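Undergrad: My structure is below; once you've seen it, I'll send some questions.
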Amino acid sequence: MATEKTTAQSSDSISSVLSERRKFPPSAEFSSNANVSSMEQYEKLYADAAADPEKYWGEQAEQFHWFKKWDTVLDWKPPYAKWYDGGKTNICYNAIDVHVKSWRKNKAAIIWEGEEGNERILTYGELHRQVCKFANVLKIAGIKPGDRVAIYMGMVPELIIAVLACARVGAVHNVIFAGFSAHAITERVNDSRAKLVICADGTRRRGGSINLKNIVDEAIVNTPSVRSVIVLKVTNETVHMHDGMDHWWHDLMGLAVDDCEPAQLDSEHPLFVLYTSGSTGKPKGILHTTAGYMVHAATSFKYVFDIKDEDIYFCTADVGWITGHTYMAYGPLLNGATVFMYEGAPNYPQWDRFWDIINRHKITIFYTAPTAIRAFIRAGNEWVTKHDLRSLRLLGTVGEPINPEAWMWYHKYVGQEKCPIVDTWWQTETGGIMVSPLPGATPTKPGTATRPLPGIMVDVVRKDGTTCDANEGGYLVIKQPWPSMLRTIYGDNERYEKTYWSEFQNMYFTGDGARKDDDGYIWIMGRVDDVVNVSGHRLGTSEVESALVSHESVAEAAVVSRPDEIKGNALVAFVTLKDEYEGDMKLREALRNHVAKEIGPIAKPDEIRWAKGLPKTRSGKIMRRLLRELATSNEVKGDVTTLEDFGVLETLRGQEDEN
Ligand code: WT7
């Protein structure tokens, strides 16, 4: 039986074995030019914000354009928050129009490089024209404020244009990562009841291409809410355009004029739904709203990335994930920054693509994931050292704990021992960065996201909610509402309350284990539930299990993770087959492909082991902890793994009982 709650009970004690003593203060040069330039300044900001959070968040909101100013900063009826209630604004207006009215009009907003090396530059002025046109296209398509729009495309500027156009007219965007399968699209489109799907004909990947339109065609056979599909030509795939339903992006853009008044939206108007894994099979539609998200996306970006008008900022995340929403699209654009966007794979045509990009485009800030860093380490230092990376001044990471050795490599080879590293902790639900060094202020230590941002009250607590002592492992919680917090799980308030607010009283439970060290730095110890982090993406192991069990040959499946050098975690599936099936190589491949089809290639189990039976408690709950141990410490791998391995587990059966 899968439990819905991200339950603290699932891990009795969290012990931490890491002890890291290296410390790296920012250089005097970096600090003197930084937006926050000393620890004293940070401490004061933090203390002032903690003393009066509403005053702090009210001040942060002053910098934006409001059609009508808010009446109250925060209206908090736990666990439901309204931020800037009574106000009217538009995040798209704040992200582009305000810059177009300034000297930034002809500044590059997006510098894009395709996998084949082709380049496009969109100034704020050009981005504004395109977004206005496409906003008019949405109106032509009958999209009204509050309607949901699904977006399924690769990393091209039109993805950001589509997102901003939705925000301009008040439509709720639901970006679906272009690596997801037809089944995953169907599920997300149906849950959000999207009226319109925006996709591309295809997306380039490692010199080849993937036909996205075919996948959409398969997905929307079972989505009654979808009225039309708009298709952007990217790869010139052969696609089938269905009369009355499908329309070419370029045809519609040809009909639209390039000026469009932004909708004057309530602060709490829904901005987007983004699906993320939970501990049951069904993904959770995380709902974010307009004004609060805008305020934190912009201010966190300014503080954490120390953004300056001269910077060229490169974030390697896909817009299909929250990092892409907040720190590729909204955060940088709200600050009038120049964003560099790359279409393709980091190892295409070779392992030095990112370093080559950094050198050619003189990137100054680079934000990536630990999983990518580990892959670069494995590929070899020579790919990095042959490029001139002197333009870089700041580095960042996100997605999972970075192991200190990977941090040191990043510091040495990419940062040339001079760039601060911001290790940023946050979640799809938090909307923006919560815990991170401020690069001109915070001395960093490899492996910790350090201290919370001003206005963010995080703590590490015991099961009973009391604060842990220094270096005592516990549960990471957030004790005060924050502007970019999720408002609910789309269409499911009950699940929202249960998942995040029932474990501890009046505190948001993150699902992560953590400890605070003597300096108050937060060390994340990973997730405490059945959700694993693979390559920086959160996957519900039960989703993978559901996918496996949906195959005709599978009777039962349990999926656990084991540490993996490159991916952070690898997925190991223990599968019990129906009697008439034989576990062999062929079936193993078939099952892996089946999961890829059901969820997407990132969820493919790295290993599948055949099990005659799964170790269970008397109440029938699979003892995943035992399987985790087996998956982690067993020398025997892959094909040679046979049923006998489970003899060990069989003997444990009935001796140990988990609730
Ligand atoms: C989970 C959230 C936030 C965008 C990417 C992932 C883990 C995230 C860090 C970090 C240690 C981290 C946590 C968190 N995580 N950043 N800097 N150090 N762990 O978003 O898919 O919502 O996953 O990723 O476990 O709860 P997500």
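Undergrad: For the structure I just gave you, tell me whether Arg462 is touching a strand residue (DSSP E or B) at 6+ places or on another chain (Cβ under 9 Å), within 16 Å of the ligand (Cβ to nearest atom), charged (D, E, K, R) and open to solvent by 20 Å² or more (accessible area, probe 1.4 Å).
TA: no
Undergrad: Between residues in the range 541-563 that are farther than 18 Å from Glu187 by Cβ and residues that are open to solvent by less than 50 Å² (accessible area, probe 1.4 Å) and of a type in the set (Lys, Arg), which pairs lie under 8 Å by C-beta distance while being six or more apart or on different chains?
TA: Pairs that qualify, where the first residue is farther than 18 Å from Glu187 by Cβ and the partner is open to solvent by less than 50 Å² (accessible area, probe 1.4 Å) and of a type in the set (Lys, Arg), are Ala558/Arg624; Val560/Arg624.
Undergrad: Next question. Would you mention how many residues in the range 327-360 are under 24 Å from Ala298 (Cβ atoms), assigned to a helix (DSSP H, G or I) and open to solvent by 10 Å² or more (accessible area, probe 1.4 Å)?
TA: Narrowing the range 327-360 to residues under 24 Å from Ala298 (Cβ atoms): 327-342.
Okay, now just the ones that are also assigned to a helix (DSSP H, G or I), so 327-334.
From what is left, the residues that are open to solvent by 10 Å² or more (accessible area, probe 1.4 Å) are 334.
Final tally of qualifying residues: 1.
Undergrad: Could you tell me which numbered condition Thr430 fails, if it satisfies all but one of (1) within 8 Å of the ligand (Cβ to nearest atom); (2) in contact with a Pro (Cβ under 8 Å, 6 or more places away or on another chain)?
TA: Here Thr430 meets the rest and fails (2).
Undergrad: If I filter the range 564-579 down to residues being in contact (Cβ under 8 Å) with a residue 40 or more places away in the chain and among the acidic types (Asp, Glu), which single residue comes out as farthest from Leu630 (Cα to Cα)?
TA: Glu565
Undergrad: While we're here: Out of all the residues in the range 507-522, is one or more part of a loop (DSSP other than H, G, I, E, B) and closer than 27 Å to Lys77 by Cβ? Explain how you work it out, then say what you get.
TA: To start, the set of residues in the range 507-522 that are part of a loop (DSSP other than H, G, I, E, B) comprises 507, 517-521.
Checking which are closer than 27 Å to Lys77 by Cβ leaves us with 507.
The answer is yes, given that some residue of the range 507-522 is part of a loop (DSSP other than H, G, I, E, B) and closer than 27 Å to Lys77 by Cβ.
Undergrad: On to the next question. Taking Arg374 as the residue in question, decide whether it is at pLDDT 95 or above and of a type outside the set (Val, Ile, Thr).
TA: Details: at pLDDT 95 or above: no; of a type outside the set (Val, Ile, Thr): yes.
Considered against the rule, which asks whether it is at pLDDT 95 or above and of a type outside the set (Val, Ile, Thr), Arg374 comes out as no.
Undergrad: Name the single residue, out of those in the range 355-413 being among the aromatic types (Phe, Trp, Tyr) and over 25 Å from Trp321 (Cα atoms), that is farthest from the ligand (Cβ to nearest atom).
TA: Trp383
Undergrad: Looking only at the range 37-62, count how many residues are among the hydroxyl-bearing types (Ser, Thr, Tyr) and without any contact (Cβ under 8 Å) to a residue 60 or more places away in the chain.
TA: So the answer is 0.
Undergrad: I want to confirm something. Restricting to the range 527-538 and keeping residues that are part of a strand (DSSP E or B) and more than 6 Å from the ligand (Cβ to nearest atom), which single residue is surrounded by the most Cβ atoms within 10 Å (Cβ to Cβ)?
TA: The selected residue is Val532.
Undergrad: Which of the residues belonging to the range 539-564 are in contact with a helix residue (DSSP H, G or I) (Cβ under 8 Å, 6 or more places away or on another chain), within 16 Å of the ligand (Cβ to nearest atom) and part of a strand (DSSP E or B)?
TA: Leu539, Ser561, Pro563
Undergrad: Next question, about the same structure. Hey, does the range 577-584 have a residue that's part of a strand (DSSP E or B) and either open to solvent by 20 Å² or more (accessible area, probe 1.4 Å) or in contact with a strand residue (DSSP E or B) (Cβ under 9 Å, 6 or more places away or on another chain) (or both)?
TA: Start the filter on the range 577-584 by keeping residues that are part of a strand (DSSP E or B), which leaves 577.
Filter once more, keeping what is either open to solvent by 20 Å² or more (accessible area, probe 1.4 Å) or in contact with a strand residue (DSSP E or B) (Cβ under 9 Å, 6 or more places away or on another chain) (or both): 577.
Yes, the range 577-584 contains a residue that is part of a strand (DSSP E or B) and either open to solvent by 20 Å² or more (accessible area, probe 1.4 Å) or in contact with a strand residue (DSSP E or B) (Cβ under 9 Å, 6 or more places away or on another chain) (or both).
Undergrad: Which residue out of Ala49, Ala34, Ala61 is under 28 Å from the mean Cα position of the chain (by Cα), crowded, with 16+ Cβ neighbours inside 10 Å and within 24 Å of Ile421 (Cα to Cα)?
TA: Just one listed residue meets the conditions, Ala34.
Undergrad: Among the residues of the range 63-75, count how many are in contact (Cβ under 8 Å) with a residue 60 or more places away in the chain and in contact with a strand residue (DSSP E or B) (Cβ under 8 Å, 6 or more places away or on another chain).
TA: 5
Undergrad: Something else now. So if I check each of Phe574, Phe509, which one is modelled with pLDDT of 85 or more, open to solvent by less than 20 Å² (accessible area, probe 1.4 Å) and within 30 Å of Ala470 (Cα to Cα)?
TA: Phe509
Undergrad: Please identify the pairs in which a residue from the range 397-410 that is more than 15 Å from Glu565 (Cβ to Cβ) has its Cβ atom under 6 Å from the Cβ atom of a residue that is buried (at least 23 other Cβ atoms within 10 Å of the Cβ), counting only partners at least 6 apart or on another chain.
TA: Thr397/Pro370; Thr397/Asp423; Val398/Thr323; Val398/Thr424
The values are calculated or read from the model by the stated rules, or taken from the named source; none is laboratory data. As the structure is a prediction and not an experimental result, all values here were calculated from the model. Note that each Cβ is placed from the backbone with ideal geometry, even for glycine, and that neighbours are counted across all protein chains shown. Ligands, DNA and RNA are stripped out before the accessible areas are found, and what is left, the full protein with its side chains, is counted by its heavy atoms. Shrake-Rupley method; radii C 1.70, N 1.55, O 1.52, S 1.80 Å.
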